[in-house]
């Protein structure tokens, strides 16, 4: 074995460019105002194999370089070559991966290497790097500063040549990253007959995230004599847990997996009303119960809560499921890898639903610190613009390479997300109601004796402790092994293969390997048959030497756990071979009642299934509500609303995200009828995504979302209500059938458990109680069942005075039926003469509004306090939504836009932008007396529509009994004028609005 | 009536196989999604089919250049079968990643002779913008082309969804020959400013989404049977997929299918061509 270095660099010439280098140049310009004259790039490969360098060199242009546009060189660096790099660069930086980090280009190169050298030794491997040569640096930045913007030292390494080194021909040479050997350790026994303090110490030093009561529950388990005697029979240590068992319990009982806070018993006090009450599991009381009540009234709720995603019957032939998850902690440490594993991870939840669903659409919602943040950045974290770029690029690569369109999403900005960005990834899945063999696809059918396969990727040291890690707050010492990079192509191959296996009737049970790895995936499936036996020695590893507990809990990506009848094993394995997917039998289902783990012949864990899944004690928590105090937002008396409009359109929370969204494939599968951007120039905002996934059939699905985290500053209950209402409003805008809608609740909260490090835990828990009470109230009124959800409860950075906690945030995602995608509405104004109406009314609810934050930030006003938008009568709104949806999906109304951040003013501006047309609007009579409320207020339940004059009467007939107020007309001119009776408050040109709206988040670094 | 059999290739990250299979069925073909390894291992035989479609996607994650690794698999493991398929006069289409694959295998633009030589003559590389983008473009078809796929096509709107769609052929002579042979089958155009004389001047972004030489969006081989393009005609099989549909302005077609979009005709052309030979 030897290491051979091969490099490729773009040729120059007419029409040829070094695009990779130029992208870096423009990014440094956009983010750091560095103006370099040129950046050139070299891609490098370090090939570790028994193939001779001469042979590799002869074939370099067949594999590593594209001979039409690139040069290649072997066993030297291009920088040494005067003909290709004829000018000496000022700075050269070479970036490669750290040992053991997923190197996708390297993996692909190895695959290609084997095509050309089929006899290369089995342990051949390839590692890649990229070198940037900078010109015209001058004294704009130090080499270290530039390098720090190009790599993440958690997962990558950089070698730098500064100006002097460049002049001396001392070039950066990245070497092959040898993986450090892992030491195999036999399972340790842990003595739990120790003091309480020592129990806690075991939990803390081992990153187990178990509290004292949980540790004591484990302690008493091992004191049980019947347990001890059953352990003796299988030859495992009788009265102590092995490290395998303790790790397995820690993963299974983690907040991440068990949702202990949502399951806790809460003693709730409301100091405002004097109420004292007990909530015995928020989840069961406010989420599960309402959905189960609704399940009795409809026949389309097929599977809720217990599977990897919730399933509804779409029609007689097809069912649809959806799931959303967060990947916040990993995305904070490595935005690219963390976000990518987020999106490909939630795709696996869909593949693991029922007997396997096909992912057909993604949604992404991100919450970041301000992209132009000038203040301090917490230790070890990144500037928000870097987080935005990394997260976006991870989600883009993950979604695009998986062939799943991203059809809906949002990006929200607030300073408090500096410490922990929120990265919500959602996926919609489609499956035939019945498989060819007659089984219903949403029901898993495992039986004792089935063979359990691990399919897809291998297990490595990466991804150990993800579940417990995310159940702790981020600190400077957060471990790098919790961060991984996804491999979408390995997953795509697995997905293709498993869907074929499903249709061939080979699968009896399937689930994803996510948090907790095999311990969770096999452990959860073993509940169906009441037992399993796993042999960890059979699990294929990325590198030898992993100890049993590491194999069991590692969260290495791209793996599914699949059960197959033993007689189908041959067919299953040959299908896997065809697809070049690794599938290894690692376990079997039993009915022994035991989670039985062996390493070869010896038993390393032996836990009762019941104890593993139901043994965790219920938390007892206290919550206490008193309303937060804010200086009231008092709008200034004399101000130019024109300039407010321009400033509002440029606010990151409102500004166009087009340059980012366009980089997602939103049209693969050829189904997307309403795309993320709409209108004449295809740059107006869409309210919801609409797809027609059955080719040739216009029946549709609507996907939308709602999020309003800043309302939590006043009342987290109002925040939750606003998120749900926004999701439904968005769906109504495109004409969803309101009689078949389902929702997902994804809560991201700061730690709500009162403790020394969280002195305001009671308040944060009270926020959670209020949010869930509102969730129940609104969902019941909207007949909107929550079919799946997730919570992430430790979104804090640091401790003590420097602690940053996110604002309590609920993302509400909605999916629903659409009778015919040919009848939808979009936000862009269509034709001059169309009549504009406001559905709903504007109340004096300016508390925590975008305009209040803006005027507070620029010093015009003192505070954001006041009445936050509320939903007093959701039943009434639902009536209005039903009527409007009908008007839209029957084809009467072609223009509709949700009114949210920035109120009517911003909504109408966006409608003009989309239509590249003017409008005359009169706000007189649209609600509260204050023009601020009517122009900028964010009252819920409002949608602006435009209807052609010939359909106007019919529209008004359908809307009768609901508040529908005439606002004005779409005009031929390029002028938006908004008046309040006789007084003109806004008059502005459409192009000016376009410029304001599109400038802020462009961030592309200018001209190509 | 003869029903043409279409092999729609998938595997290794190809991801437009479902819709590509669907559009051939809409125009009277019989589609089978075939994993590339089925042909390589002999589980299935390419000669069982009349048409080969290499759909879009991200084979091998575009690593080492889009289409490269998939192209190599075909070039080194399916060479004889592909050669025979082409010499039997059977149509092949490559869309997006499929186009990249056909260019990297050397099937496009192909040799001067009639037998494929699997030598790469051009490339599809990173867009000048450096960004993968999903956006709609307007395409103009070459009326003098002998390509059987584009017969009768004039101008359509289509989405592009790629990061590496810039067609380059640094050898000027070859590029001129490609143009003179009318192998430049389809170009990006600015519909508001298009003439026969300015069609080769590289358009600015975003009318040209990638900076392709001569605004090339797709090319065919000498026989007109092998065709590849970066944009996705299958993604405009129905009018409701057009971004102007919601404005009541999606282009209509003369098809009997009332909702048919402009892209479907490409697939119908090939199916009809095979029918005309076999009937």
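No value in this document is a laboratory result; all are computed from the given coordinates. Please read these numbers as outputs of a predicted model, since none were measured by experiment. FYI the Cβ positions are ideal-geometry reconstructions off the backbone, even for glycines, and counts take in every protein chain you see.
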In whole angstrom, largest first, the equivalent ellipsoid semi-axes that the Cα gyration tensor gives for the stretch A:347-473 are 36, 19, 12
Cut-off 18 Å (backbone N to label point 7 Å along Cα→Cβ of residue A:299), residues of the stretch A:708-744 = A:739-741
Let me know the Kirkwood hydrodynamic radius for the stretch B:128-279, please, with Cα pairs as the basis and the value in Å to one decimal.
-> 16.0
When all Cα-Cα pair distances of the stretch A:872-962 are considered, the percent exceeding 23 Å is 26
Assuming R0 = 22 Å, can you tell me the calculated FRET efficiency for the pair residue B:244 and residue A:973, based on Cβ-Cβ distance, to the nearest 0.05?
-> 0.50
Out of all DSSP beta bridges with both ends in the protein assembly as shown, state the antiparallel percent to the nearest 5.
-> 75
Before rounding to the nearest 500, sum -39500 (n - 2.57) across all DSSP H runs of length at least 4 in chain B and divide by the residue total; then give [θ] at 222 nm in deg cm²/dmol.
-> -7000 deg cm²/dmol
Using just the helices of chain A, give the 222 nm mean residue ellipticity in deg cm²/dmol: DSSP H runs with n ≥ 4 each add -39,500 (n - 2.57), and the total is spread over all residues, rounded to 500.
-> -9000 deg cm²/dmol
Using 0.36 nm per residue of separation minus the Cα-Cα distance, give me the extension gain between residue A:14 and residue A:447 in nm, one decimal.
-> 149.3 nm
All-pairs alpha carbon distance profile, the protein assembly as shown, 10 Å steps from 0, percent | 2, 9, 18, 23, 22, 16, 8, 2, 0, 0
Tell me the label-point distance for the pair residue A:681, residue A:504, using the 7 Å Cα-to-Cβ offset, in nm and rounded to one decimal.
-> 5.3
Please work out the FRET efficiency for the pair residue A:631 and residue A:1, using the Cβ-Cβ distance as r and a Förster radius of 60 Å; give the result to the nearest 0.05.
-> 0.30
Amide N proximity, the stretch B:69-97 versus residue B:47 label position 7 Å along Cα-to-Cβ, cut-off under 16 Å | B:78-90
Starting from the Cα gyration tensor of the stretch B:5-278, take the square roots of the eigenvalues, sort them a ≥ b ≥ c, and report rounded, prolate or oblate (rounded when a/c is under 1.5, otherwise prolate if a/b is larger than b/c, else oblate).
-> rounded
In nanometres, what is the gap between the two model label sites at residue A:238 and residue B:252, each 7 Å from Cα along Cα-to-Cβ?
-> 8.7
Residues of the stretch B:48-89 with amide N under 19 Å of the 7 Å Cα→Cβ point at residue B:3 = B:48-53
Using distinct alpha-carbon pairs, which all enter the 1/r mean, Kirkwood radius of the stretch A:2-167 in Å | 16.8
Go ahead and run the numbers for FRET between residue A:38 and residue B:195, Cβ-Cβ distance against an R0 of 41 Å, rounding to 0.05.
-> 0.70
GNM on chain B, Cα springs under 10 Å; top mean-square fluctuation among B:67, B:224, B:152 goes to B:152
D_trans [Stokes-Einstein, Kirkwood Rh over alpha-carbon pairs] for the stretch A:825-1008, 4 °C, 1.567 mPa s, µm² s⁻¹ | 76
When the chain is fully extended, how far beyond the present Cα-Cα distance does residue A:879 get from residue A:271, taking 0.36 nm per residue of separation?
-> 215.4 nm
Extension gain, residue A:530 back to residue A:699 (0.36 nm per residue minus Cα-Cα distance, nm) = 56.7 nm
Determine, for A:966, A:176, the number of other Cβ atoms within 10 Å of each Cβ, and report the residues in order from fewest to most.
-> A:966, A:176
Using a 10 Å cut-off on Cβ to Cβ distances, tally the other chain neighbours for every residue of A:946-955 and report the average as a whole number.
-> 0
Measuring from label point to label point, each 7 Å out along Cα→Cβ, what is the residue B:173 to residue A:963 span in nm?
-> 7.8
